[in-house]
Amino acid sequence: MNTMNNIFKFGRRFALASLVTLAFVACEDEPDKYEVAGGSPEVIYVIKPTNTDSLITSALMGERIVLMGNNLRSVTKLFFNDREAILNTSLITDHSLFVTVPTSLPDNPTDKIYMTNKSGVVTEFAFGVDVPAPQVSALKCEQVKPGNVATILGDYLLDYEDNHMKIKMPDGKIISEFESLSKTSVSFKVPEGCTKPGTITVSTKYGSTTSKFYFNDNRGMLFNFESEMPHEAASISDGKFNHGWHGRNIYSDETSLDGYYIQMGDGSTVLDLDGGWNDGQFSMEYWCGNWDGNFTPDAKLFDIVDFSNYDKMALKFEINVPKSNPWTSGAMQLIFAPAEGANSVTLPTANNTHFNDNVLPRGLYRPWEKNGSFDTNGEWQTVTVPFSEFVYGADGTKATGSLSPETFASFTIFVWSGGVQGKDGTPIIKIDNIRAVSIK
């Protein structure tokens with residue numbers, strides 16, 4: 001016991017002294033001063049930078065650790081198993097070496113660190129690399145019918161002959177045969193009868209993880225564009241979703257995800273490079289009250305879904321953009337607005353004040369921005385925009401106002417502006433299953 005105490009006391013003093021020295025060296029404005037030492041390294045123990053009192057014998061992939069010992073400036077290459085780590089000479093002293101465990105899986109795990117000096121001599125040190133439990137980040141499309149293919153996105157989705165990965169669906173069905181599989185994604189055919197909404201659990205030899213997202217998510221549904229709305233709040237007649245200035249066309253065809261959807265753009269109307277104003281083709285409004293006598297009073301959205309913890313929630317919907325009509329300009333402005341009057345008439349949000357102001361915070365969705373063009377190849381994908389990202393004005397600058405639970409009364413989608421220039425296009429943007437759900 002005394003021997004172990006002495007080791008820990010020595011370790012703490014050694015670690016603290018070495019870290020102080022490293023901080024001093026790293027701050028020197030003399031990067032050329034670093035020189036590789038002769039001889040070979042000696043590693044005495046390994047610690048985490050955040051806890052210098054505990055010695056560790058293994059670490060997770062991607063985790064930062066500190067090798068403590070002697071003559072560590074002699075290291076020119078360092079491997080964990082058969083995966084080389086990146087060395088930063090500004091983080092190496094004679095007695096400490098900061099390094100991040102590589103994130104790529106080893107082909108030949110030996111649970112050793114290999115250090116090569118400038119003469120090519122290799123020194124070994126016993127140290128294990130822990131593979132994380134599977135990460136389950138998203139379902140490419142959260143609405144998938146039986147017989148169709150679902151794709152989970154994440155990391156460490158690992159399948160072995162002696163220990164197959166398993167996916168547990170909300171109804172308890174177990175899936176262990178896959179259409180395609182990589183470390184970061186797995187695709188599988190949804191079994192017949194598998195329609196129950198809920199979380200998905202992925203299990204590998206390294207652990208199990210349950211998704212935060214829902215398969216066939218029906219929580220917080222605001223608009224699914226069917227003839228009977230979940231909240232009986234918006235009228236659909238004559239093939240249109242009609243609760244604002246514009247009757248947005250609804251469709252049910254061979255491209256439908258599930259029943260009806262709305263569509264922005266007709267495939268021939270140009271949306272110019274600035275995302276120019278065309279509310280007739282590229283907007284949808286749900287105004288929660290009596291508009292010019294044409295609509296009966298309807299529910300405020302915060303009466304349908306609890307927005308009291310909106311900062312821990314996100315807006316979700318499915319989107320389908322055909323390859324023939326990609327989206328190349330304009331931000332999809334996602335605008336929730338309070339139930340306020342306008343023009344001395346009971347017109348809750350029935351005006352364009354919130355269309356183009358920089359006061360009311362909104363979300364801006366611009367998936368074309370990265371590559372200049374966006375399509376889903378005619379497939380449905382789930383979009384997630386956290387309400388914490390609803391901070392923009394119409395022109396893409398930061399909004400001056402703020403959100404509150406009472407803001408979430410009415411809702412508008414309008415594809416225009418957003419502060420980033422694209423290129424002229426004739427997009428078709430199909431949308432279904434608009435919902436507000438918890439993500440934390």
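Solvent-accessible area per residue for region 165-215 at a 1.4 Å probe radius, Å²? Kindly include the intermediate steps, with their values, before the conclusion.
Values: 2570 Å² over 51 residues.
Value for region 165-215: 50 Å² per residue.
Using a probe radius of 1.4 Å on heavy atoms only, what accessible surface per residue do you get for region 118-164? Whole Å² is fine.
On the way: 2280 Å² over 47 residues.
It amounts to 48 Å² per residue over region 118-164.
Could you check the simple spin-label distance between residue 187 and residue 205, using points 7 Å along Cα→Cβ, in nm with one decimal?
Rounded to a tenth, the inter-label distance reads 2.6 nm.
Percent of accessible area on region 61-126 owned by carbon and sulfur, 1.4 Å probe? Can you show the working numbers first?
Numbers: 1460 of 3000 Å².
Its accessible area is 49 percent carbon and sulfur atoms.
Could you give the nm distance between label points at residue 173 and residue 311, where each point is 7 Å from its Cα heading toward the beta carbon?
The modelled label-to-label distance comes out at 4.1 nm.
Quick one: how many Å² of residue 112 are accessible to a 1.4 Å probe, rounded to 10?
70 Å²
What is the extension gain from residue 398 to residue 240, computed as 0.36 nm multiplied by their sequence separation minus the C-alpha to C-alpha distance, in nm to one decimal?
Gain on stretching residue 398 to residue 240: 53.5 nm.
At 1.4 Å probe size, put 164, 243 in order of accessible surface, largest to smallest.
From most accessible down to least: 164, 243.
Tell me the accessible surface of residue 131 in square angstrom (1.4 angstrom probe, heavy atoms of protein chains only), to the nearest ten.
Surface accessible to solvent at residue 131 totals approximately 20 Å².
Consider a paramagnetic label point 7 Å from the Cα of residue 145 along Cα→Cβ; state which residues of region 250-270 have an amide N under 18 Å from it.
Answer for this model: 251-262.
Considering only protein heavy atoms and a probe of 1.4 Å, how much of the accessible area of region 133-272 is carbon and sulfur, as a whole percent?
43 percent
Would you mind getting me the FRET efficiency between residue 124 and residue 89? Use the beta-carbon distance for r and R0 = 22 Å, nearest 0.05.
Numbers: r = 22 Å, r/R0 = 1.00.
Between residue 124 and residue 89 the formula returns 0.50.
Separation between the residue 180 and residue 438 pseudo-spin-labels, each 7 Å from Cα along Cα→Cβ, expressed in nm?
3.5 nm
Suppose R0 equals 41 Å. What FRET efficiency, 1/(1 + (r/R0)^6) with r the Cβ-Cβ distance, do residue 324 and residue 219 give to the nearest 0.05? Kindly include the intermediate steps, with their values, before the conclusion.
Working: r = 33 Å, r/R0 = 0.81.
Using R0 = 41 Å, I get an efficiency of 0.80.
The values are calculated or read from the model by the stated rules, or taken from the named source; none is laboratory data. Just so we're clear, the structure is a prediction, and the values are computed from it rather than from any experiment. Heads up, the Cβs are rebuilt from the backbone with ideal geometry, glycines too, and the neighbour counts pull from every protein chain shown. Only protein heavy atoms, including side chains, enter the accessible area calculation; ligands, DNA and RNA are left aside. Shrake-Rupley method; radii C 1.70, N 1.55, O 1.52, S 1.80 Å.
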